[in-house]
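The values are calculated or read from the model by the stated rules, or taken from the named source; none is laboratory data. Remember, predicted model here, so these are calculated numbers, not experimental data. With ideal geometry, Cβ positions are generated from the backbone for all residues, glycine too; neighbour counts draw on all protein chains shown.
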Amino acid sequence: MLADLKFRLRALFRRDAMERELHDELRFHLERETEKLVAAGVPRDEAERRARLAFGGVERIKDDARDARGISLVDTLTQDLRYAWRGLRARPGFTVGVVLTLALGIGANAAMFGIVDRMLFRAPAYLTAPDETHRVLQGYVWNTRDRTDANFAYARLVDVQRWTTSFDRVAGFGYREAAIGTGDQARDMIIATVSAGYFGFFDARPVLGRFFTADEDTPANPAPVAVLGHGYWQSIGAPADIVGTTLHVGPSVVTIIGVAPEGFIGTTDGAAPVAFIPLATMVASRGARYFENYQWSWLEILAKRRDGVTVATANADLTVAFQRSWNKERDADAGSYPDAAAARVTGSAVPVLESRGPNADANAKIVAWVMGVAVIVLLVACANVANLLLARAVSRRREIALRLALGVTRGRLLQQLLTESLLIAAMGGVAGLAVAHWGGRTLRALFLRQEDTSVVANDPRTLLFAGAITLAVALLTGLAPALHSLRDDVALSLKSGARDGGGGGTGSHARSRLRGALLLFQGALSVVLLVGAGLFVSSLRNVRSLRLGYDVEPVVHAQMNKRGVVLSTAEQNALVDRMLAAAREVLGVRSVTVASSVPFYSFEERGAPVVAGRDSLAKLGRYRLQVGNAEYFATTGTRILRGRGISVDDREGGQPVLVLSEAMAGALWPDRDALGEQLRIGDTKALFTVVGVAENVRGGSLQGEAEFWYYVPMEQYREHFGVLGPQLYARVNGNARDFAEPLRRRLQREMPGVSYVRTMPLANMVTPRQRSWSFGATMFAAFGGLALLLAAIGLYSMIAYSVAQRTHELGVRIALGAGARDVVRMVVGQGVGFAVAGVVIGTLIAVVAARWVQPLLFDQPARDPVIYAVVALVLLVVAVMATIRPAWRAARVDPTVALRAD
Amino acid sequence: MPDRLDLPQGTLDLLILKALSLGPQHGWAVSERIAQVSGAALQIPQGSLYPALHRLERRGWIEAEWGGWGASDANRRAKYYELTRAGRKQLAEETRAWSQLTSAVSLVLEMT
């Protein structure tokens, strides 16, 4: 073994020396032989001749000796690579086309893999036991509907910690925005609030200082300490003496006790947190009562199973704990709702990666689809390249037949052909990585919430994946053409001569059948992708054109973060009035209103309305309170359908009035017009009169039942509900994006103490909701277009090739009187035939797949015949366009030339 | 010159090993020695000799070393092959197998 290895290595690395030795050795032999003959009396010339003759071909012996040395694999590989490279260089057009095709396919896959990997497969950095670590969910039935909670109150975490036995550790964690810094520099950034035990899930050491301990995370001692995130520490210049300094986090000032290691962001797929602070510290900053009650659900639970405990056991354990906790909470509420058994409370341990859990968002599903789409594109690309290689193999038949006739073994030739496709695939792979690098950045920005600085080139998992698919591509594209080349009958190929194929060789029929099948496959997949693109584009259009019940583009939302600044009621009222006035001063602001509910962001709810003669109104749904001044409806663009909106006369002390959303009015008074009717809200004493009905708005979800909203005049809100929060909407002339910053600067001047204001276009809250459809539309359209282009190229090359192959036949036809039109019709008909078959197969696949796509679409049937028809038409038009040029060439075949060529 | 015999498959390695068991030799001498001993009945096809030598070397049964050749010319160097321990074992093994084979074949052929 060792001798073998030594020999091979020496052969490999000291090749020149070995070659020299071999040469010397053989020369020595010849000399001895010659001298023997000379000694026997043969003249020297004659002796040399005879020696050489007896010896045989020196070069062949050298070859055999090299083979015997066992390095031939490497040698022949380099030889093959050189040969393949020469061949590719000789046909740059072919090479560039093939490499680009593969680059797009491989690149799309590598880029998508990076995303899928991050969302679905890669465990959070530093996590010690990803398979045993779970997020904890609670399921229950409420108002006859199944619900799942992922967010819990501090008291619930304590119950789960106390009443489960299946886990080594149970910790709480929550990511939230908090103000970091002070004054004009203050910005909302992500912080992580975590149990002290949270760090125990990870194999991470702080790069500076320490993590906080259990003693610093108790209700009795909520220590004002923080561990900085590595990224944030870097962003402020990575000061080595940071430990011991203070940082303003939200309303609190905390002492920095350590810095987390690079890449440690905990269990989020969102942005890296600026700092980690103890759970107890966060709870204490809101008020000590939040240690006890179950109202404020804000943290998630992470738990690690003990060795040998199955997930099923852990689930049963969690269920018992959650039921006990549920009943404890219920007892405190005097049993106003069903107990745990009746509500079917369950607990479950789900994967730590959110996208893999049951509460994954639509993005995770779409991303899986898009990965599938990327694979399809790669398959189409492979089919295309295989087709081109097949065509090329045909033009190389004579060469291959010649080599076979000269005694090159088929195995050797196969190796050579595969080496060539491997070289092509490798070039495609490298170019694909470049595609993934540039395109991947865009993709990652689309899909990953996490800001992502990593590049493809230094991500070993993506590189490995790209390498694997490159190899697969080499085999997929190379094997069929190579095998087909070898199956040819040597004699026939040589005899059939320069005319490509003609009727020669049994392989040619099988080959054109294979090429046809590949083409059909491409066409069918293109149809599937284009149907997908059509469905998603249509969904996106539906989402975009959905009337939300308010205008998004021209509205800026501004909210004050008090950050612990205590204001009396009078001060706060005065501040809100000052903010309204200040906002109006900003150039371009048309109108300003207060607000208390913001779509897809936060809502004010005050319980169910009370209407004489109606009960159990709480069961109908959730009621969202919106506050506004006389400019509210002008500012948001919500239309008044009946009655009036809020007026300047709806003052404190006056008749309390409300405007209801149409859905709410209809739900409370299903049998008559709500105008003039009266109701109370929650436990307020005032009896409100309905003075207007506004169009429905969507603020909680884009799909599903209409939401209940009611609008309270600002001054009456202060009278009946309490102090009004410092939050407002401004409608601007133009795009809200351009006004967010000027508005913020102006409003900040009004802010007392360390409080600060933040402004955001309303679109920032709304458009993320449309994202999954815009991903779907973008990706399917891009990949579908790509697949169509590839299929068109494939069709073109196939038809062009077949025309070239049939030149003789066409010549005969023309000589016999076929008109140009007949020939064109015949050739185009061939292409269209492929397209029609592709459409049929693709449509079948799409119809079957429709079931699974349906839930991802918005108001769009997955089997919409219009879309199928459009796609079919597109494919047919493309097929005609791809064949028209070869058809034209066919029509102009000169019969005399074509016939003489034979 | 008597008729040359074709070498049965696989015997070339055995012959080379045997020739080398008498002491280190270069390739030419190996072929000469075999031809002499067999009374020129066995002529090693010269084209097969060197590939076989290299193959045996790769398997670790023989070792090669460059050495001076001839007293008169110090610059003439030849490649000398020498049996290794593994080669010696291999030779014993193959010799035994060969005698078994030939005696078995003889028995069959001498059937009356």
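Cβ-Cβ distances below 6 Å connect no pair with a first residue in segment B:78-95 that is closer than 13 Å to B:GLU57 by Cβ, a second residue that is β-branched (Val, Ile, Thr) and part of a helix (DSSP H, G or I), and a separation of six or more residues or different chains.
Looking across A:GLY692, A:GLY722, A:GLY676, one residue alone is modelled with pLDDT under 90, more than 29 Å from A:GLY181 (Cα to Cα) and small (Gly, Ala, Ser). It is A:GLY722. Here A:ALA360 meets the list (1) within 12 Å of the chain's Cα centre (by Cα); (2) under 30 Å from A:ALA316 (Cα atoms); (3) free of Cβ contacts under 8 Å to residues at least 60 places away in the same chain almost entirely, failing just condition (1). Scanning segment A:813-835 for residues that are surrounded by fewer than 16 Cβ atoms within 10 Å (Cβ to Cβ) and either assigned to a helix (DSSP H, G or I) or of a type in the set (Val, Ile, Thr) (or both) gives A:ALA815, A:ALA820, A:ARG821, A:ASP822, A:ARG825, A:GLY829, A:GLY833.
Scanning segment A:521-552 for residues that are closer than 15 Å to A:GLN770 by Cβ and not in a loop (DSSP other than H, G, I, E, B) yields A:PHE536, A:VAL537, A:SER538, A:SER539, A:LEU540, A:ARG541, A:ASN542, A:VAL543, A:ARG544, A:SER545.
Table: residues versus (1) surrounded by 13 or more Cβ atoms within 10 Å (Cβ to Cβ); (2) β-branched (Val, Ile, Thr).
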| site | (1), (2) |
| --- | --- |
| A:GLY607 | yes, no |
| A:GLY613 | no, no |
| A:GLY628 | yes, no |
| A:TYR632 | yes, no |
| A:THR636 | yes, yes |
| A:ILE646 | yes, yes |
| A:GLU652 | yes, no |
| A:PRO656 | yes, no |
| A:SER661 | yes, no |
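Criterion applied to B:ARG33, B:ARG77, B:ARG88, B:ARG96 was being more than 10 Å from chain A (Cβ to nearest Cβ) and closer than 21 Å to A:ARG52 by Cα, and the one residue passing it is B:ARG33.
Within segment A:701-726, the set of residues being surrounded by fewer than 21 Cβ atoms within 10 Å (Cβ to Cβ) and under 36 Å from the mean Cα position of the chain (by Cα) comprises A:SER701, A:LEU702, A:GLN703, A:GLY704, A:GLU705, A:ALA706.
Can you say whether A:SER772 is crowded, with 23+ Cβ neighbours inside 10 Å and among the polar types (S, T, N, Q), as far as the supplied structure shows?
Details: crowded, with 23+ Cβ neighbours inside 10 Å: yes; among the polar types (S, T, N, Q): yes.
It is true that A:SER772 is crowded, with 23+ Cβ neighbours inside 10 Å and among the polar types (S, T, N, Q).
I need the full set of residues from segment A:337-356 which are out of contact with any Phe, Trp or Tyr (no Cβ under 7 Å at 6 or more places or on another chain), under 30 Å from A:LYS619 (Cβ atoms) and surrounded by fewer than 18 Cβ atoms within 10 Å (Cβ to Cβ), in order please. Matches in segment A:337-356: A:TYR337, A:PRO338, A:ASP339, A:ALA341, A:ALA342. Within segment B:36-55, the only residue that satisfies the criterion of being over 22 Å from A:ARG60 (Cβ atoms) and either in contact with a Cys (Cβ under 6 Å, 6 or more places away or on another chain) or within 12 Å of chain A (Cβ to nearest Cβ) (or both) is B:GLN36.
Selection over segment A:559-599 of residues that are part of a loop (DSSP other than H, G, I, E, B), under 17 Å from A:TYR756 (Cα atoms) and either in contact with a helix residue (DSSP H, G or I) (Cβ under 9 Å, 6 or more places away or on another chain) or of a type in the set (Lys, Arg) (or both) gives a count of 4.
Taking first residues from segment A:673-687 that are on the phi > 0 side of the Ramachandran plot and partners that are of a type in the set (D, E, K, R), the Cβ contacts under 8 Å between residues at least 6 apart in sequence or on separate chains come to A:GLY682/A:ARG606. Is it true that A:ARG344 is over 25 Å from A:ALA103 (Cα atoms), out of contact with any Cys (no Cβ under 7 Å at 6 or more places or on another chain), at pLDDT 80 or above and among the charged types (D, E, K, R)? Judged against the criteria, A:ARG344 is a match. Of all the listed residues (A:TYR729, A:TYR717, A:TYR711), the sole one being in a strand (DSSP E or B) and closer than 16 Å to A:LEU679 by Cα is A:TYR711. For segment A:173-198, filtered to residues that are in contact (Cβ under 8 Å) with a residue 60 or more places away in the chain and in a helix (DSSP H, G or I), the residue that is farthest from A:PRO278 (Cα to Cα) is A:ASP184.
Among residues of segment B:18-33 that are under 17 Å from B:GLU93 (Cα atoms) and surrounded by fewer than 20 Cβ atoms within 10 Å (Cβ to Cβ), none has a Cβ under 7 angstrom from a residue that is modelled with pLDDT under 85 and basic (Lys, Arg) at a sequence gap of 6+ or on a separate chain. Scanning segment A:31-65 for residues that are at the interface with another protein chain (Cβ under 9 Å from one of its Cβ atoms), more than 60 Å from the chain's Cα centre (by Cα) and either more than 30 Å from A:THR76 (Cα to Cα) or at pLDDT 75 or above (or both) gives A:GLU31, A:ARG32, A:GLU33, A:LYS36, A:ALA54, A:PHE55. With respect to the conditions (1) within 30 Å of A:ASN363 (Cα to Cα); (2) modelled with pLDDT under 85; (3) aromatic (Phe, Trp, Tyr), A:TYR868 falls short on a single one, namely (2). When we screen A:GLU652, A:GLU695, A:GLU715, A:GLU707 for residues that are closer than 26 Å to A:VAL757 by Cα and in contact (Cβ under 8 Å) with a residue 12 or more places away in the chain, the only hit is A:GLU715.
Take the conditions (1) modelled with pLDDT of 90 or more; (2) assigned to a helix (DSSP H, G or I); (3) crowded, with 19+ Cβ neighbours inside 10 Å; (4) of a type in the set (A, V, I, L, M, F, W, C); A:VAL556 misses just one of them, which is (2).
Here is a yes/no grid of residues against (1) at positive phi; (2) basic (Lys, Arg); (3) modelled with pLDDT under 80; (4) crowded, with 17+ Cβ neighbours inside 10 Å:
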| site | (1), (2), (3), (4) |
| --- | --- |
| A:ASP67 | no, no, yes, no |
| A:VAL74 | no, no, yes, no |
| A:ARG82 | no, yes, no, no |
| A:ARG86 | no, yes, no, no |
| A:THR95 | no, no, no, yes |
| A:VAL98 | no, no, no, yes |
| A:LEU102 | no, no, no, yes |
| A:GLY107 | no, no, no, yes |
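Looking at segment A:638-655, is at least one residue hydrophobic (A, V, I, L, M, F, W, C), under 24 Å from A:ARG547 (Cα atoms) and either in a loop (DSSP other than H, G, I, E, B) or over 49 Å from the mean Cα position of the chain (by Cα) (or both)?
yes
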